[in-house]
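Just so you know, all these numbers are worked out from the coordinates, no wet-lab data involved. Since the model is a prediction, treat every value here as computed from it, not as a measurement. Neighbour counts run over all protein chains shown; Cβ positions are idealised from the backbone, glycine included.
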Amino acid sequence: MAAQIPDRRRFVRQLVRHGGRGFAEEYGLPVLNNPANLYQLLSLAQILRGSADHRRATAAARALRDRGWNTAARMAASPDGERAAVLRAYDQRAAGTLARRLGATAAALAERYGGDPRRLRTAARRDPAAERALLRELPGVDDGVVDLFFRDVQVLWPEIGPFADRNALTAARRLGLGSSAQDLADLTGRRESEKLAWLVGALARIELDGSYAQARQLATA
């Protein structure tokens, strides 16, 4: 889709307007700057990382939260078997492995940072590379998990931005919006980290849902 910059900016406004408030929030997981919600974003990233179905993955994350395992300490204290039983309702293949991984990550986060990802951020001195490195030191967290966490948390931790994950960038290229997070930031406004996070979330969902035809209709709306 070839488009001039003003047209692309108008298209981006439509995508943001119709695309919900970020990836996680669209599925009922608020992006708030407190230990519980930040931990839930991290556990969602872990579940998404190993899932072929993002809707089942987000439903699983909500189910774990609704069982009361909404903080790192509570997740770590829950039995592996009970976590696996909840996850198995959404994905039969690797529920046991994922349950153990979530428990190990939660235990490490609770031990090292009191269960508060903001303390990890402070330890990293708000440097994105250091934040990534400290997150990767948690068991069960790899670069793919960090990418999915950064996608949403950039609205709260602006030093991370501009950031876009692989799915969002794939959609951006296919829709003629550029090929980098900076390209997207230029279209939303350099200081509009919230709008960028919403755009990135909308683009990621377009790629995961394959809803390109519906998205292209917004370009002429």
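Can you give me the relative contact order of the chain as a percent, contacts being Cα pairs under 8 Å and 6 or more apart?
27
Sorted by average packing, counted as other Cβ atoms within 10 angstrom per residue and highest first, what order do 94-102, 50-58 take?
The densest-packed peptide leads the list: 94-102, 50-58.
In whole angstrom, how far apart do the alpha carbon centroids of region 1-69 and region 159-221 sit?
13
With θ set to phi - 60° and the Karplus curve 6.51 cos²θ - 1.76 cosθ + 1.60, what are the ³J(HN,Hα) couplings of region 10-24 in order, to the nearest whole Hz, using x for Gly and Pro?
Result, rounded to whole Hz: 5, 4, 4, 4, 5, 4, 5, 5, 9, x, x, 9, x, 5, 5.
Sequence-distant or interchain residues sharing an amide H contact under 5 Å with SER78, placed H: which?
Residues meeting the criterion, in which the H sits 1.01 Å from N, do not exist here.
What's log10 of I(q)/I(0) for the chain at q = 0.09 Å⁻¹, Debye sum over Cα points only, no solvent?
-0.35
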